[in-house]
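FYI, it's all coordinate maths here, none of it is from the lab. Just so you know, these numbers come straight off a predicted model, no measurement behind them. Because the Cβ atoms are built from the backbone with ideal geometry, glycine has one as well, and the counts that use them run over all protein chains shown.
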Amino acid sequence: MQNAIAVISDIHSNFEALTAVLDDAREQAIQQIVCLGDIVGYASSVQSCMRAVRELGCPVLLGNHDEAACLPAPPPDFNDTATAGVVFAAARLSESDRAWIAALPRTLAIEGVVFTHGSLASSFGWPYIITPEDARRHFANQPSHLAFCGHTHKPMLWWQESPGGQVTQRTGKDIMPLPQGGKVLVNVGAVGQPRDGDTRACYVIYRPEQATVEFRRVEYDIKRTKRKIIRADLPRFTAQRLSLGR
């Protein structure tokens, strides 16, 4: 893996954010993209986001909202806002979309780097990595030095210097050198619904030769996305939170 790679996650049917991120990646001369899942859910541009991601022809992983939108009923652990989003998405996925989602892997390894949507702590359910203990459980199952994830919508860098040892966490921001040795996990944040207090879309550029990750923040037309959510009669909180970054 010599070339820089853009890692995107948690698009959540926000076409304006996705378009802005893909435009930014092209401006950075990025030719390789990996998508960590959750293409759908929450917002209203289901078909546009599905079409855009599928047309990229890049590696794509399964996210929990993608999976939920293809189930007979939403998972019982989804809150009302999440449930409304996956019900909305389920009604708009084509049979081709459903078959494509069903074939998506939960994890992927490219030249020794692991990509996943959520924690590797369990192959069942979708555990989050929020605390150092969560990260420790993940690292126990991470086979490589470096991995990338999404799921929490919060950009972060986690590092465990030795097996079972202390876990260090740093908020993902700007260009960060990757720790050498041990195990490193990079949470790439969210394209379509950031929850770290910054309303801009977030994704990561990984540069193997420099051993760095760059957390890119991209402005997009939030007002347009919010209007589309409200017109679709989705929960108003789905629109409001985009202006809060929460």
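Peptides 71-79, 203-211 ordered by packing proxy, namely the average of other Cβ atoms within 10 Å per residue, highest first: 203-211, 71-79. Since only G125, F15, I39 are under comparison, the one whose Cα sits farthest along the positive direction of the charge dipole of the chain, derived from C-beta charges on Lys, Arg, Asp and Glu, is F15. 3J(HN,Hα) along segment 240-246: 4, 5, 5, 7, 9, x, 10 Hz, from the Karplus curve 6.51 cos²θ - 1.76 cosθ + 1.60 with θ = phi - 60°, whole Hz, x for Gly and Pro. The modelled label-to-label distance between A52 and E111, using points 7 Å beyond Cα along the C-beta direction, is 2.7 nm. The packing ranking of peptides 139-148, 91-100, 35-44, 183-192, highest mean first, is 35-44, 183-192, 139-148, 91-100, where packing means the average number of other beta carbon atoms within 10 angstrom of each residue. Look at [x] 135; [y] 111; [z] 123: the one that is volume of the Cα convex hull per residue in Å³ derived from this structure is [y]. Lysine pairs in the chain whose alpha-carbon atoms fall under 29 angstrom of each other, counting only those eight or more residues apart or on distinct chains, come to 8. Provide the net charge surrounding I101, with neighbours chosen by a C-beta distance below 14 Å and charges set as Lys +1, Arg +1, Asp -1, Glu -1. Surrounding charge for I101 is 0. Between the residues A190, I205, T168, the greatest Cα displacement towards the positive end of the dipole of segment 154-209, with unit charges on the Cβ of Lys, Arg, Asp and Glu, is found for A190. A cut-off under 13 angstrom between Cβ atoms defines the neighbours of H117, and their net charge, with Lys, Arg +1 and Asp, Glu -1, is -3.
Per-residue ellipticity at 222 nm for the chain, helices alone: DSSP H runs ≥ 4 residues times -39500 (n - 2.57), over residue total, nearest 500 deg cm²/dmol?
Estimated from H runs of four or more residues: -8500 deg cm²/dmol.
Each Lys and Arg contributes +1 and each Asp and Glu -1, all at the Cβ; summed about the Cα centre of the chain, the dipole is approximately 520 debye. What's the local net charge at P163, with K and R +1, D and E -1, over the other residues with C-beta under 11 Å away? Taking every Cβ under 11 Å from that of P163, the sum is +1.
Provide the packing ranking of 13-24, 112-123, 164-175, i.e. peptides ordered by the mean count of other C-beta atoms within 10 Å per residue, highest first.
13-24, 112-123, 164-175
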